[in-house]
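Undergrad: What follows is a single structure, and I will ask about it in a moment.
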Amino acid sequence: MEQAQWRELVKGLPDRPGVYLFKDAAGQVIYVGKALSLRNRVRSYFHASAGLNQRTMAMLSRAAGLDWIVTDTELEALTLESNLVKRYRPRYNVMLKDDKHYPYLRVTTEDRWPRLVIARRARRDGSRYFGPYYPASVVHETMRLCRRLFPLRTCSDRVLENTERPCLNYHIGRCLGPCTGQVDEGEYRQVVRDLCLFLGGRGEEVRGRLRARMEEAAERLEFERAARLRDQIQALDRLIEEQKMVSTGLEDQDVVGLARAEGDVCVQVFFMRAGKVVGRRHYFLPASSLAAAPGAPEGARAGTAPSRGAPVVPRHQEGAANGRAQDAEILAAFLKQHYADTEDIPAQILLPSAPEDAELMGEWLSRQAGHRVSLVVPRKGEKKRLVDLVSENAREVLNEIKPEEERRREMGREAARVLGQLAGLAGPVHRLEGYDISNLQGRQAVGSLVVFEDGVPRKDHYRLFRLRTPGPDDYAMMQEVLFRRFRRGLEEAGSGSSWATMPDLVLVDGGRGQLNAALEVLRALNLERIPVMGLAKEQELLFLPGRPEAVELPRGSAALHLVQWLRDEAHRFALGHHRRARKREGLRSLLDEVPGIGPRRKKELLRHFGSLEKLAAASVEELAAVPGMNRAAACRLKEYLSDG
């Protein structure tokens, strides 16, 4: 967009709070920001003295359009910005990569009889989450100790509802036996509360409660119960001694540290509850994310020029100022990303420096938490020592991760370069799409589309196609998938959707036949500019248009690893659909055999239960409650299931 067009566009922006979205020529969202005044904020990008960083200049060089959404307050704009960044994952917003592979412990407090399980990520689902645990092996040791100290059930909901006698865990004292009424709900909930207190770092409080209950049991001459509580207390004492107190205070607080190494950034947070570290997590941001994106014109900025008469800032001072501004942006991104999906937000968060819009950020966090949250940047004393300690840990993590991350980035760059050369592109491959066809013995055929961007799966762009082409005809099925995908891409051009984003390279699973079938579709849609390759399974050979001989990539090469990973992802994605389909098919076949279950009832039962296991575990009352069912039909179905 020309400079004059930007000026006219800015004039039409409202002087109100809201969110603005910069888009590229293809209509894809490349940056999301919030503003107290949309007009003033967007206009500031085009001031001659704006002093924008390299990443923002690269973004503006690619920007071709702007959308905006008006809100009532800046706080609402911040919330909307956070949601839109999560939805679009714009290329020029600061996107931190977190350590999702480190697990949590989850207490399913939303269940009537809660249990302790391992979870891969914390969610807002009513459960209590503790962790993440680092290294991951620690979570299994903690789980083992907790199950010995706090004898909650380990069985699934289905087993709990249908068992007739307690399991071995009950007999060895590792479960209270809620399945057969061996414990009342109040006593069970007390054990759950003790477990949550212990995992939250309040072991001494749990010890006091256990001791009181032991003495009460002894007074009532319940010596067996008192002995069990005594053993729990002794085991708990040993664990409490091993825990490290890192704060003399007993506050609940999160302590955040930040470290840099050769441009890369690591943000680490320690979760402190009652003065003890109960978990930690780190976020990693490579240097490439803070600089201009590859391929952006160096120093490019829409409508900017040096300001005449502006004071000359010494280079070392300018670098320090840019570093502080960058830290403020990174910390703001961390707070929005980390606390958007968690319910466990303490009253105090210690930071190494102030984030962008610190006051507004504190107000947003307070709304998220449901209580007052203060952001503190300590300058001296114990809190400063804690922040320095976490920053030092962040530096250690960065030193561990950086060689591995650099190796992966180098492999990704090398694979993108090699594939770009093979495809005849002017540069490396950015977006790679892979396609596969899968069916169940000729039935329920589906086509899968998986997307990799910069060598990494983009799972929110994965798609499945239920095929209408009669099979088995792999060529015609592949053509149907490609035609539907690219026709929709052309229809939604400029919309910013994933469909509208065209790939740099298409990889189809198969040899010369699948490749030719794909080329026919692209020619019919006038998309011959998109290069296509076929990957044969057995020999791992690449087939390219216009080349009579297949290309064999070197064993162990980054390019071969990438195309194999893409092919396997497409196959895995389709197989996941078929596993779910087989479960539904088994349930459908069973319902066809039950007298009195017609098409309408079968449809409602399938929709309500979804699997044979859930249907078999349902009571007569639950079956009768399904729309279209009655008690007589429910009794017949339950009787049939019991006989089976």
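The values are calculated or read from the model by the stated rules, or taken from the named source; none is laboratory data. It should be emphasised that the depicted structure is a prediction, and the values quoted were computed from it without experimental measurement. Glycine gets a Cβ as well: all are built from the backbone with ideal geometry, and neighbour counts include every protein chain shown.
Undergrad: Condition test on R209, is it touching a residue at least 12 places away in the same chain (Cβ under 8 Å), outside the structural domain of V278 (by TED's automatic domain parsing), at negative phi and assigned to a helix (DSSP H, G or I)?
TA: In short, yes.
Undergrad: Kindly check whether there is at least one residue in the range 481-501 that is β-branched (V, I, T), more than 30 Å from L66 (Cβ to Cβ), touching a Leu at 6+ places or on another chain (Cβ under 6 Å) and not in a loop (DSSP other than H, G, I, E, B).
TA: No, the range 481-501 contains no residue that is β-branched (V, I, T), more than 30 Å from L66 (Cβ to Cβ), touching a Leu at 6+ places or on another chain (Cβ under 6 Å) and not in a loop (DSSP other than H, G, I, E, B).
Undergrad: Name, by its number, the condition in (1) in a helix (DSSP H, G or I); (2) farther than 30 Å from A517 by Cα; (3) modelled with pLDDT of 80 or more that does not hold for P627.
TA: For P627, the failing item is (1).
Undergrad: Quick check, is V450 out of contact with any Lys or Arg (no Cβ under 6 Å at 6 or more places or on another chain), assigned by TED's automatic domain parsing to the domain that holds D504 and either crowded, with 21+ Cβ neighbours inside 10 Å or aromatic (F, W, Y) (or both)?
TA: Here the answer is yes, as V450 does meet what is asked.
Rundown of residues vs (1) in the same structural domain as A261 (by TED's automatic domain parsing); (2) of a type in the set (A, V, I, L, M, F, W, C); (3) closer than 30 Å to I530 by Cβ, yes/no style:
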residue	(1), (2), (3)
Y339	yes, no, no
E343	yes, no, no
P352	yes, no, no
R372	yes, no, no
K383	yes, no, no
S391	yes, no, no
R413	yes, no, yes
V418	yes, yes, yes
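Undergrad: Please specify each residue of the range 410-436 satisfying the condition of being closer than 24 Å to R572 by Cα and within 27 Å of the chain's Cα centre (by Cα).
TA: Across the range 410-436, the qualifying residues are M411, G412, A415, A416, V429, H430, R431, L432, E433, G434, Y435, D436.
Undergrad: Show the residue pairs meeting these rules: Cβ distance below 8 Å; 6+ apart or different chains; first residue within the range 468-489 and farther than 24 Å from A536 by Cβ; second residue assigned to a helix (DSSP H, G or I).
TA: Final answer for the pair search is R468/E480.
Undergrad: Considering only the range 389-399, state which residues are within 14 Å of V269 (Cα to Cα) and either under 25 Å from the mean Cα position of the chain (by Cα) or surrounded by 14 or more Cβ atoms within 10 Å (Cβ to Cβ) (or both).
TA: Residues satisfying the conditions are L389, V390, S391, N393, A394, R395, E396, V397, L398.
Undergrad: Select from the range 126-180 the residues that are surrounded by 17 or more Cβ atoms within 10 Å (Cβ to Cβ), of a type in the set (S, T, N, Q) and at pLDDT 80 or above and write down the one among them that is farthest from R228 (Cα to Cα).
TA: The residue in question is S127.
Undergrad: Let me ask something additional. Just to check your reading of the model, which residue among E585, E604, E622 is at pLDDT 65 or above, closer than 25 Å to L464 by Cβ and not aliphatic (A, V, I, L, M)?
TA: Selected residue: E604, the only one of E585, E604, E622 that is at pLDDT 65 or above, closer than 25 Å to L464 by Cβ and not aliphatic (A, V, I, L, M).
Undergrad: Can you pull out every residue in the range 181-190 that is assigned to a helix (DSSP H, G or I) and buried (at least 18 other Cβ atoms within 10 Å of the Cβ)?
TA: Of everything in the range 181-190, just one residue is assigned to a helix (DSSP H, G or I) and buried (at least 18 other Cβ atoms within 10 Å of the Cβ), namely Y188.
Undergrad: Take E224 and tell me if it is modelled with pLDDT of 85 or more and not in a loop (DSSP other than H, G, I, E, B).
TA: no
Undergrad: Moving to a separate point now. How about the range 324-368: which of its residues are buried (at least 20 other Cβ atoms within 10 Å of the Cβ) and among the charged types (D, E, K, R)?
TA: Within the range 324-368, D327, K336 meet the criteria.
Undergrad: Here is a further query. Specify the residue that is farthest from E81 (Cα to Cα); the eligible residues are those in the range 25-62 that are among the polar types (S, T, N, Q) and modelled with pLDDT under 80.
TA: If we take residues in the range 25-62 being among the polar types (S, T, N, Q) and modelled with pLDDT under 80, then S49 is farthest from E81 (Cα to Cα).
Undergrad: Quickly run through the range 508-529 and pick out the residues that are of a type in the set (K, R) and closer than 14 Å to F486 by Cα.
TA: R523, R529
Undergrad: Within the bounds of the range 546-554, is there any residue that is among the β-branched types (V, I, T) and either touching a strand residue (DSSP E or B) at 6+ places or on another chain (Cβ under 8 Å) or closer than 20 Å to P428 by Cβ (or both)?
TA: Yes, some residue in the range 546-554 is among the β-branched types (V, I, T) and either touching a strand residue (DSSP E or B) at 6+ places or on another chain (Cβ under 8 Å) or closer than 20 Å to P428 by Cβ (or both).
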